[in-house]
Amino acid sequence: IMTHQVSRSPFLKPFYTRTPVGGVIPRTQRRHTLPASEFRNLTPQDAISVFEIEREAFVSVSGECPLTLDEVLNFLSQCPELSLGWFEEGQLVAFIIGSGWGKERLEQEAMTQHIPETSAVHIHVLSVHRHARQQGKGSILLWRYLQYLRCVPGLRRALLACEEFLVPFYQKAGFKEKGPSAITVPNLTFQEMEYHIGGAAYARRNSGC
């Protein structure tokens, strides 16, 4: 990653929290009350919120965003099942966007392409809203996302390209270095990292799939 649907997918259920964190819904709670914390796939309707968080997080650091607004819309239209957003009180606070990739290593084309029905997902971006940083949300969302991927049929690997200073962050999540990435951006270099997704039996036993 450069740094830092409503889907009908049956695999969303383990990550959709309808009740407030740590409690039972009070009997007086109205039905339209927004969930305190919710994880779900993103939709094209979320694209503006996604891009605003991404732009604030990346432009000040690298001068550009990993994904343009058009690319965000494109991926959320083509493969929303490979995204995950964290919402608090209905507001997006963190997200991950991925797409399908069909080769052993990432190439420059992976930045803009989605290859359907492949065994690998390319994680393009993980970003957290500025008001929610330094709270561990990035690590929590990444863990949720990797558990979710275990429930997606056919997926075996997750790939990403990140700057050197982010390598320890992804190593803690279980990613392994594969060496310098073929993906290039002016004035930036990346390391490619890979995560091997466990089997369905593990997922059912440990993730509620």
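A few remarks follow.
- Scanning region 73-109 for residues that are at pLDDT 95 or above, of a type in the set (Asp, Glu) and assigned to a loop (DSSP other than H, G, I, E, B) yields a total of 2.
- Close pairs (9 angstrom Cβ cut-off, 6 or more residues apart or separate chains): open to solvent by less than 60 Å² (accessible area, probe 1.4 Å) in region 161-181, assigned to a helix (DSSP H, G or I) and of a type outside the set (A, V, I, L, M, F, W, C) anywhere: CYS162/TYR170; GLU163/SER62; ALA173/SER139
- Residue match in region 30-47 (condition: of a type in the set (Lys, Arg), over 16 Å from the mean Cα position of the chain (by Cα), modelled with pLDDT under 75 and surrounded by fewer than 21 Cβ atoms within 10 Å (Cβ to Cβ)): yes
- Selection from region 135-158 of residues that are aromatic (Phe, Trp, Tyr) and closer than 16 Å to SER99 by Cβ: TYR145, TYR148
- Some residue of region 140-148 being open to solvent by less than 80 Å² (accessible area, probe 1.4 Å), basic (Lys, Arg), farther than 20 Å from ALA47 by Cα and touching a strand residue (DSSP E or B) at 6+ places or on another chain (Cβ under 8 Å): yes
The values are calculated or read from the model by the stated rules, or taken from the named source; none is laboratory data. Quick caveat, the model's predicted, so the values are computed rather than measured. When we count neighbours, we look across all protein chains shown, and the Cβ atoms used for this are built from the backbone with ideal geometry, even at glycine. Heads up: the accessible areas ignore ligands, DNA and RNA and are worked out on the full protein's heavy atoms, side chains in. Shrake-Rupley method; radii C 1.70, N 1.55, O 1.52, S 1.80 Å.
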